[in-house]
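Comments concern the structure below.
The values are calculated or read from the model by the stated rules, or taken from the named source; none is laboratory data. Small disclaimer: the values here were computed from a predicted structure and weren't measured. With ideal geometry, Cβ positions are generated from the backbone for all residues, glycine too; neighbour counts draw on all protein chains shown. The protein model used for the area step is the full one, side chains on, heavy atoms only, and it has no ligands, DNA or RNA in it. Shrake-Rupley method; radii C 1.70, N 1.55, O 1.52, S 1.80 Å.
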Amino acid sequence: MPSQTTIDVAIIGTGINALTAGAMLARSGKRVVLFEREEVAGGCMRTEELAPGAVHDPLATTFVLWVTGAAHGALGEDLARHGVEFLATDTPTGVLLPDGRALTYSTDRARNVAAFDAAHPGDGAQLAADLDAFAGNAGLLFGLMGGDPWSKGTARLLGKEAWARGPHGLATTLGGALQSMRGWLETSFESEISRALWAPWCLHAGLGPEAAFSGQMGQVIGFALEAASAPVVKGGAANMVRGLVAIIEENGGQLRTGAEVAAIRVDNGRTTGVELASGEVVDAATVLASVTPNQLYGDLLPGDDHAEDLRKYRYGKGNFQMHYLLDGPVRWKTPGLETVQLLHLTPGLDGVSRAGNEAERGLLPEVPTICVGQPCAADPSRAPEGQSLLWLQMPEAPRHVKGDAAGQIAPPPDGQWTEALREAFADRVEAILARHIEGFPDNVLRRQAISPGDLQGYNMNLVGGDPYGGACTLDQFFLWRPFAGSRRHQTGIKGLYHIGASTHPGPGLSGGSGFLTARELGA
């Protein structure tokens, strides 16, 4: 007969939300076990050796949402005690145009104002005005974005704001937050390069520049980057995983890899635990599932009455990633880019819009938006002396390839990513990159390309290579995530909670849904 054990909380998955919840609940005295189907824990937080002595994060790498979030406030001291250190330069982002012109954004407001004013007189003053206006609404907006939308705390927040602003004033503020990225940029900045610096950032929120709320997300990101830069974990994202696991284990919890949960056990409307693929049964009064809606309601809870919700649930564009080890430093042809942690290569606002639209229609973008991370700028320990790393992300890749916007790459008949397709698209990206870096092809020691199909192989939550757990458009966000009828992280089954990027407050390395659910459970 299969073995059977009893614990307080079973957590399915080991991404940042699962680990955050596990650490907080274990620290509060709960008997916690996390179950990971893969042999490596961490979800999108992974660190691998690209070459001897060179380590890189093949998936997620930037922790600005963590260091500015509530979960870090709760667990930051314990993580530091376990050796987790965040490193950053004073230049979190910038943009590089095809003609070699560049604009950078720092953690210094005066420097940013001067740079934007140099691009066009008045752009700097407007940047400061927009960020100051956001700061005035930050308590309301961060409270709604990061808090529990159905909690008494959120009700009190809205009541307080309605009293202070008046009902019409509150409605005006919330309506303004729905502005698109294009709407914000075209009404605030005259310079194309000022607009180009911000335009790609909506992609990192799973949105396009014409999407509702994407302009507000741009201001959220600008506010956060100016406050905290774009920190990486010293030695790689896997050290964040080790730190969170250490908190769990020192408080009596456990993490099990290679332990796939096959089913969530339910009796009379209440969860009673989980059953592993091995047949082992683990009794638990509380289960947290850090999975996609399709996995939860289609696989782990077969027969659950969510067929119509699953039919309507949409996943977003895929991600394409590339990683380079270079012999020597990165020699940008445009000076002043050496310490920029996340540099976007793009033709500008219209270029971001075009590439995103092409990907939405299943086409390989002719000119993809390229996000170039320079991890060694903040953490030289990641590569041997005399070498450097580049971390590339292309957020506009089709999950199912129907064609090529440039008419040069033939898609496979079934639309699936193949090795040949992956490397052909990687060549297109590399050709753009090589135009801006002196002697680039001759200095490449190693290149690794990761297609949207490969991403799902890393982590089954990345459906079709979508790193955000589902489309982040307004109809699938806030209190409507994952479903229009969703309420907190509850599932309709007592004791079972849904967490992860597919739930409020959405994707990103913040640990937000794990934090909120742990708090709801008394941690």
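For the stretch 392-523, what class follows from the C-alpha gyration tensor (a ≥ b ≥ c being the square roots of its eigenvalues): rounded when a/c is under 1.5, otherwise prolate if a/b is larger than b/c, else oblate? Cα axes put the stretch 392-523 in the prolate bin.
Pull up the cross-link candidates among the aspartates and glutamates for LYS152, meaning alpha carbon to alpha carbon under 15 Å and not fewer than 8 places away within one chain. By straight Cα distance, LYS152 reaches GLU161, GLU520. For the stretch 108-196, the relative contact order comes to 33 percent (Cα pairs under 8 Å, sequence separation of at least 6). If you take all other residues with their beta carbon under 15 Å from the beta carbon of GLY124, and give Lys and Arg +1 and Asp and Glu -1, the sum is -4.
Candidates TRP480, SER353, GLN393 compared by Cα position along the dipole of the chain: farthest toward the positive end lies TRP480, with charges placed on Cβ. For the stretch 263-394, what does the alpha-carbon gyration tensor say about shape, rounded, prolate or oblate, given a ≥ b ≥ c as the root eigenvalues, a/c under 1.5 as rounded, and a/b over b/c as prolate? Here the stretch 263-394 falls in the oblate category. Potential lengthening of the chain between ALA118 and ARG256 amounts to 44.2 nm, from the contour at 0.36 nm per residue minus the alpha-carbon distance.
Positive-end ranking of PHE116, GLY146, LEU87 along the dipole of the stretch 87-154, with charges on Cβ about the Cα centre, is headed by GLY146.
Between the beta carbons of ALA431 and GLU385, assuming R0 = 35 Å, the FRET efficiency works out to 0.75 to the nearest 0.05. The accessible surface of the stretch 143-217, taken with every protein chain in place and a 1.4 Å probe, is 63 percent carbon and sulfur. Distant-in-sequence amide contacts of ASN461, defined by a placed amide H-H separation under 5 Å and a gap of 5 or more residues or a different chain, comprise nothing.
Electrostatic bookkeeping for THR107 treats Lys and Arg as +1 and Asp and Glu as -1; over the other residues with beta carbon under 10 Å from its beta carbon, the sum is -1. Taken one residue at a time, the phi angles of the stretch 296-303 give Karplus couplings (6.51, -1.76, 1.60, θ = phi - 60°) of 5, 8, x, 10, 7, 10, x, x Hz. Gly and Pro are set to x. Counting charges near SER451 (Lys, Arg +1; Asp, Glu -1) among other residues having Cβ under 12 Å from its Cβ returns a value of -1. Rounded to the nearest 0.05, what FRET efficiency do TRP480 and LYS333 give with R0 = 45 Å and r taken as the Cβ-Cβ distance? Could you check? My answer for the efficiency is 0.50. Extension gain, ARG156 to GLN416: 0.36 nm times the residue separation minus the Cα-Cα distance gives 88.7 nm. A simple spin-label model places pseudo-atoms 7 Å from Cα toward Cβ; at THR172 and LYS312 they are separated by 3.3 nm. For the pair the stretch 35-70 and the stretch 401-430, the centres of their Cα atoms are 27 angstrom apart. Per-residue packing, averaged as other Cβ atoms within 10 Å, sorts the ranges 68-75, 255-262 into the order 68-75, 255-262, beginning with the highest. Converting phi to 3J(HN,Hα) with the Karplus coefficients 6.51, -1.76 and 1.60 and the offset θ = phi - 60°, the stretch 13-21 yields x, 9, x, 5, 6, 5, 5, 4, 4 Hz in sequence order, with x at every glycine or proline.
In terms of the mean number of neighbouring beta-carbon atoms within 10 Å, the peptides 307-315, 400-408 order highest first as 400-408, 307-315. An oblate overall shape is assigned to the stretch 1-69, the ratio a/c of its alpha-carbon gyration tensor axes (a ≥ b ≥ c) being 1.5 or greater and a/b not exceeding b/c. Along Cα→Cβ, 7 Å out, is where each label goes; now give me the distance between the ones at ALA227 and ALA128 in nm to one decimal. The answer from the label model is 2.0 nm.
Between GLU186 and ASP108, the FRET efficiency estimated from the beta carbon spacing at R0 = 30 angstrom works out to 0.70. Farthest towards the positive end of the charge dipole of the chain, among the residues ALA431, ALA263, TYR315, is the Cα of ALA263, using unit charges on the Cβ of Lys, Arg, Asp and Glu. In order along the stretch 281-295, the phi-based Karplus estimate (6.51 cos²θ - 1.76 cosθ + 1.60, θ = phi - 60°) of 3J(HN,Hα) comes to 10, 10, 7, 7, 6, 10, 10, 10, 10, 9, 9, 7, x, 5, 5 Hz; Gly and Pro are listed as x.
For the stretch 27-82, the solvent-accessible area with a 1.4 angstrom probe is 43 square angstrom per residue. Label sites at TRP163 and ALA138, each approximated as a point 7 angstrom past Cα along Cα to Cβ, lie 2.4 nm apart.
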